Amino acid sequence: MTAHKPGDPTTLNRLYGRSIGKPLRAYQQSLVDDFLPQIAPPADGPVTSEILFGDAPGHGRPLHFEIGFGSGEHMAERADMLPDHGFIGAEPFLNGVAAALGHAKERGLPNIRIHHGDALEVLSRIPDGALSFVYLLHPDPWPKARHAKRRMMNDGPVQMIADKLRPGGEFRFGTDHDIYLRHALMVMRRHTGAFEWLAESPPDWQNRPGGWSETRYEKKAREVFGHEVWYFRYRRR
């Protein structure tokens, strides 16, 4: 497993803002108290399909990892679409975790595992080459230049994503923020040795690809704020 030194941008403790919003309703609180411990990844040690889903050694299912899943709509849709795959989501915002727990429980999705907290802490414990997909959809843009080091799309996190993806695995990134878009493309150009951009013409990044479900945030960005949304798919070389 690739080591990441303290002080490396990969290990910044705060790549996100607030972690709690409105008080949870009683049902949401019960999900956090009772259901989350049942489907959370282990607090330490390796994070593998054998540990998460009881797969036989050497016969693990394809694993997907979503960084900052918001309310969990995309993760739930993908898990429902691919029941033989395993999904790991990490989100620091408690209200989003509660919403995702509701999706997992009410839709009966046994192939989801949810971490409330820092995505990079869990990602760092996944063996190199173990993931088939990584998703980063509408991350916090941290638009001010002095906060750029907090963006998930930076060299340290991107290198960690590359390490954890298997050859041929896919990294999907989406944003509606033009400053973040330019920054992300600049970062990804520095990682062309690890990633191949799966785009041949503008419609490839202007239109949502098949199998990429719309999130609540994306719908609001497009319909309420009138933002353009961009979609990027990168294949691990």
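State whether the stretch 101-220 is rounded, prolate or oblate according to the following rule on the C-alpha gyration tensor (a ≥ b ≥ c being the square roots of its eigenvalues): a/c under 1.5 gives rounded; otherwise a/b larger than b/c gives prolate, and the remaining case gives oblate. Rounded. In terms of surrounding Cβ atoms within a 10 Å radius of their Cβ, LEU198, LEU137 rank from fewest to most as LEU198, LEU137. Taking the charge dipole of the chain about its Cα centre, with +1 at Lys and Arg Cβ atoms and -1 at Asp and Glu Cβ atoms, the residue from VAL47, HIS116, TRP197 reaching farthest to the positive side is TRP197. Legend: Rg and Dmax of the stretch 22-236, from Cα coordinates, 16.8, 49 Å. Look at ILE39, ILE51, ILE67, ILE161 and count the other Cβ atoms within 10 Å of each Cβ; fewest to most, that gives ILE51, ILE39, ILE67, ILE161.
Hey, which of these cross-link pairs are over 24 Å Cα-Cα: LYS144/LYS220; LYS22/LYS105; LYS22/LYS144; LYS22/LYS219? Please report the intermediate quantities before stating the final value.
Details: LYS144/LYS220 22 Å; LYS22/LYS105 21 Å; LYS22/LYS144 26 Å; LYS22/LYS219 21 Å.
Beyond 24 Å: LYS22/LYS144.
Neighbour counts of C-beta atoms inside 10 Å place SER30, SER124, SER49 in the sequence SER30, SER124, SER49, starting with the fewest.
Values in this text are rule-based calculations from the coordinates and carry no lab data. What you see is a predicted model; the values in this text were computed from it and never measured. Methodologically, a virtual Cβ is constructed for each residue, glycine included, from the backbone with ideal geometry; neighbour enumeration extends over all protein chains shown.
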